[in-house]
1. Please compute the per residue accessible area over the chain with all protein chains in place, 1.4 Å probe, rounded to a whole number of Å².
2. Do any chymotrypsin sites (Phe, Trp or Tyr not before Pro) in the range 32-112 lie in a loop, going by DSSP, with at most 14 other beta-carbon atoms within 10 Å of their beta carbon, and if so which?
3. Given q = 0.15, 0.23 Å⁻¹, what are the Debye log10 I(q)/I(0) values for the chain, with equal point scatterers placed on the Cα positions and solvent ignored?
4. If amide H atoms are built 1.01 Å from N in the plane of the peptide, which residues on other chains or at least 5 residues away come under 5 Å of the amide H of GLY107?
5. Computing the accessible area with a 1.4 Å probe over protein heavy atoms, can you report the carbon and sulfur percentage for the chain?
6. Which angle from 0 to 90°, rounded to the nearest 10, does the C-alpha axis of helix 5-29 make with the longest principal axis of the chain?
7. Rounded to the nearest 0.05, what FRET efficiency is calculated for ALA19 and SER47 with R0 set to 35 Å and r the Cβ-Cβ distance?
8. Distance in nm between label sites at ASP62 and THR85, each 7 Å beyond Cα in the beta-carbon direction?
Amino acid sequence: RTLGPLAKVVIAVLAVAAAGGFGVVYMFAGNSNPGIVSQTVSFDIQSDTSVQVRYAVAKDEDDVVECTVDAFDTDFNILAARTITVPAGVAQISGTQSLRTSERANGARIKDCHAV
């Protein structure tokens, strides 16, 4: 026995609605600050006590945003951290931040961006 045309349309509409709902949840699940997007572009471990982080931040032009740039070891212990401020009047910014570490870093990133 096959489904009629009306049943196929109802199933298709339900499938599209469910997929759209999952898409919205997925889009916002990882971002606790909607409208602020930060990205670690690259990091360069320059020595046993220095790392350089290249980053980009996009936000609403009217917001002032603070982010943390940090360096970490193999166990993700924070070795150095600095707060950067992205001022109002710009929608996106990219930059480089150098951090002095107490020991050799394994990685570095930008994280925890929020409007102030």
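The values are calculated or read from the model by the stated rules, or taken from the named source; none is laboratory data. Keep in mind the model is a prediction, meaning the values are calculated, not measured. All Cβ positions, glycine included, derive from the backbone under ideal geometry; neighbour counts span all protein chains shown. In case anyone asks, the SASA skips ligands and DNA or RNA and just uses the protein heavy atoms, side chains included. Shrake-Rupley method; radii C 1.70, N 1.55, O 1.52, S 1.80 Å.
1. The answer is 66 Å² per residue.
2. Qualifying residues, ordered by number: PHE76.
3. The computed values of log10 I(q)/I(0) come out as -0.72, -1.15.
4. Here PHE72 satisfy the definition.
5. Its accessible area is 56 percent carbon and sulfur atoms.
6. The angle comes out at about 10 degrees.
7. Result of the calculation: an efficiency of 0.10.
8. 2.0
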